[in-house]
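Rule-based calculations on the coordinates, nothing more; no lab input. Only a predicted model underlies this, so the values are computations on that prediction, with no experimental measurement involved. Cβ sites come from the backbone with ideal geometry, for glycine too, and all protein chains shown count toward neighbours.
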Amino acid sequence: MPSTGAPPGAPTLAAPDATADPGAARPPRRLGASAATAVLVPLLAVSVLLAIGLGSAGVAPADTLRYLWAGLTGGTIRADEVPTYQIVWQLRTPRVLLAAVVGAGLGAVGVAVQAMVRNPLADPYVLGVSSGASVGAVAVGVFGLLSALGVYAVSAGAFAGALAATLLVHLLARSPLGTTPLRLVLTGVALSFGFQAVMSAIIYFTPSGEATSAVLFWSMGGFGAATWGVLPPVAATVVAGALVLRALGRPLDALALGDESAASLGVDPTRVRRVLFGLTALMTGAMVAVSGAVGFVGLVVPHVVRILVGAGHRRVLAVAPLVGAVFMVWADLAARGLVAPRELPLGTITALVGVPVFIVLLRRRGYLFGSR
Amino acid sequence: MDLRLDGVTVEAAGRTLVHDLSLDVPDGGVVGLVGPNGSGKSTALRCVYRALRPTRGAVLLGGTDTTALSLRDSARSVAALTQENGGELDFTVAETVALGRTPHLRGNAPLSARERGLCRDAMERMDVAHLADRGVLTLSGGERQRVLVARCLVQEPEVLVLDEPTNHLDVRHQVGLLSLLRATGLTVLLVLHDLNLAAAVCDRIGVLEHGRLVAAGTPTDILTAPLVKRVFGVDAEVVAHPRTGDPQLLYTVRP
């Protein structure tokens, strides 16, 4: 065997006939993040434009652009165009933008949560954020809390409920040996059931149909309540959060190797996990507060993106928000367009599309997550 | 850079896993820890690569208590092969190896040309260059182990800590890896189950039993039939290697 007799000055495990590939150390790309971005950014822009134009009152893209320009710059339009302009500028634009923001946020948070708890089945709601938000929102609605906040009371209640729930999960999941990923997931899942029970109890003792429809909204999600007023806080939170997550790309890679390997690479797993926890709770709370818990996007998008660009978090976190945004814009369009004038709960669309996509991806050869 | 464990004690959940362990690894020396399953070998190593903080005692790196260093600073000096086998995400081999540069890089900064060269060299030395674009989850256990050692080399450490590095490796790669460890000139602390390999590669061997260091010395001093019988409960003949003189154990398997 060759290696035993190798001169000590040039030790190598390679057999002498092993030819080294000169390009081997180049970062391999299934698809470059820049290539994916170059496709996805224009696609998102076109999707947003089309989604704003499409609907019960169709508007041509050129007119849509003109209305948007008028809305942005305060320009003038003809008097007979005012009703259409109102629909485009006051209703659809904030709605489509909110869909894009929430889709982007769920994509990024899904990646972060799966890395944080090291579990491919995790989604942004696994740590009790959405059920906590539902309890907060329903409690505010039923008991008339936070009435000083006016129309934002329910959103504020949902946000507070989301943060309270994640804080509770975090505290309960702690142990003297640190917060292990599995303990986090199990605590989150258990408490989610608890919060749902609390919500059911509130609904049960509240004899009003309004509460029931509120539950449907919080558990299926939707952008019907979008206004220009709710957009800035959630957009700012999501964009800032997604940028911070992206900057954590390499620590996330290290964390994915295991807590001990991360520590040996100089990355404190407990600290990274704490940052991720706070960040994802804030982002998810802000999103759930305005749009309810839209399912499947945060679960499926990370997997789709890993298949497209590989597992490296720097690339995944650059691409996942774009994929999430594009997907959500079209899902929302389907939700309000398929059975117009009625509106399907958004969660049905994301699940009806997301489930088959997920199954197909999992059956694909060559996509591995965890043990074979 | 020399490594010293000074009275390291680790207690967890009411049990003492490592008890007052003191051990010196001189600069450029190769020291092995051996012992039965559950004797505290991996726990002791965890304290060195900072995955665990000793309850009492200290790990000194070139005379500096590692708790005084940031995790990042000690990771620039100490690389570790842990028992974790590479996680659950299907990173490519090249990506995994490149993560060895993590303690040297700020945030998402890309690898420099020199660092890409380091990765290439490490992959060639560990005979995994031809796997560079493969996903780590598609590799065999031994291939993955070699990828993780390559990651350690890329870290450009002064101290290497290896927890059962020969796990899953075929004989050629076992012998190759240990020859390479000797040739790097790095300070090495490693856990080995194969006492014959330990005798061949180590300057000194420490024997752990129930978390206590029960013997330490040169392979010839340590690997004696009575000690192997007492610590491992195994009958073995000890013979000198005909070429190197290292003690080698011959076991008898009876039906």
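Determine, from the Cβ-Cβ distance of A:A340 and B:R106 and an R0 of 51 Å, the FRET efficiency 1/(1 + (r/R0)^6), rounded to the nearest 0.05.
So, using R0 = 51 Å, E works out to roughly 0.50.
Using a cut-off of under 16 Å, list every residue of segment A:82-120 whose amide N is near the label point 7 Å from the Cα of A:W228 along the Cα-to-beta-carbon line.
Correct set: A:82-98.
To the nearest 10 degrees, how steeply does helix B:141-154 sit against the main Cα axis of chain B, on a 0 to 90 scale?
70 degrees
Using only atoms on other chains, find how many Cβ atoms lie within 10 Å of each Cβ of peptide B:130-138 and report the average. Walk me through the numbers before you get to the answer.
Working: counts 6, 2, 8, 9, 1, 7, 3, 7, 3.
So the per-residue partner count for this stretch is 5.
Nearest 10 degrees is fine. How inclined is helix A:61-73 to the longest principal axis of chain A, computing both from alpha carbons?
Compared with the principal axis, the helix lies near 80 degrees.
So, R0 is 60 Å and r is the distance between the beta-carbons of B:Y251 and A:T206; what FRET efficiency does that work out to, to 0.05?
According to the calculation, E is roughly 0.20.
Starting from 0.36 nm per residue, how many nanometres of slack lie between A:V41 and A:A57 once their C-alpha separation is accounted for?
Here the segment from A:V41 to A:A57 would lengthen by 3.1 nm.
Specify the residue with the greatest mean-square fluctuation among A:L44, A:L338, A:L282, computed from a Gaussian network of chain A linking alpha-carbon atoms under 10 Å apart.
A:L338
Quick one: angle between helix A:153-173 and the longest Cα principal axis of chain A, in degrees between 0 and 90, rounded to 10, please.
So the helix axis and the longest Cα principal axis differ by about 30 degrees.
Evaluated at 25 °C with a viscosity of 0.890 mPa s, what Stokes-Einstein diffusion coefficient in µm²/s does segment A:222-364 have when Rh comes from the Kirkwood expression over alpha-carbon pairs?
So the translational diffusion coefficient is about 147 µm²/s.
May I ask you to give the average projected area over all directions of the convex hull of the Cα atoms of the protein assembly as shown, in nm² rounded to one decimal? Display every interim value, and only then the final one.
Values: hull surface 137.0 nm².
Seen from a random direction, the Cα hull of the protein assembly as shown projects 34.2 nm² on average.
Run the numbers on chain A and let me know its relative contact order in percent, using alpha-carbon pairs under 8 Å that are six or more apart.
Averaging sequence separation for qualifying contacts and normalising by length gives 27 percent for chain A.
With springs connecting C-alpha atoms under 10 Å apart, model chain A as a Gaussian network and identify which of A:F205, A:F217, A:F159 has the largest mean-square fluctuation.
A:F205
Just to confirm my numbers, what's the Cα centroid distance between segment A:249-318 and segment A:37-89 in Å?
34 Å
Between segment B:202-255 and segment B:23-53, how many Å separate their Cα centres?
Segment B:202-255 and segment B:23-53 have Cα centres spaced 18 Å from each other.
Under a plain spin-label model, where a point goes 7 Å from the Cα along Cα-to-Cβ, how far apart in nm are B:D73 and A:L172?
Here the answer is 4.1 nm between the modelled labels.
Count, for each residue of B:152-162, the Cβ atoms from other chains sitting within 10 Å of its Cβ, then give me the mean as a whole number.
Working: counts 2, 0, 1, 3, 0, 1, 0, 0, 0, 1, 0.
Taking all residues of B:152-162 together, the mean is 1.
Based on the alpha-carbon gyration tensor of chain B and its eigenvalue square roots a ≥ b ≥ c, which shape applies: rounded if a/c is under 1.5, prolate if not and a/b is larger than b/c, or oblate?
Oblate.
Rounded to the nearest 500 deg cm²/dmol, what is the calculated helix-only ellipticity per residue at 222 nm for chain A, with -39500 (n - 2.57) per DSSP H run of length n ≥ 4?
Working: 15 runs with 246 residues, N = 372.
Helix-only estimate at 222 nm: -22000 deg cm²/dmol.
Which shape class, rounded, prolate or oblate, goes with segment B:1-118 when its Cα gyration tensor gives a ≥ b ≥ c as root eigenvalues, a/c under 1.5 marks rounded, and past that a/b bigger than b/c marks prolate?
prolate
For peptide B:64-74, what's the mean number of Cβ atoms from other chains within 10 Å of each residue's Cβ?
Whole-number average of other-chain Cβ neighbours for B:64-74 is 2.
Counting other beta carbons within 10 Å of each residue's own, what order do A:H303, B:H130, B:H241 fall into, fewest first?
Listed from fewest to most nearby Cβ atoms, that is B:H241, B:H130, A:H303.
What relative contact order, as a whole-number percentage, does segment B:1-61 give when Cα pairs under 8 Å and 6 or more residues apart are counted?
Taking the mean separation of contacting Cα pairs over the length of segment B:1-61, I get 46 percent.
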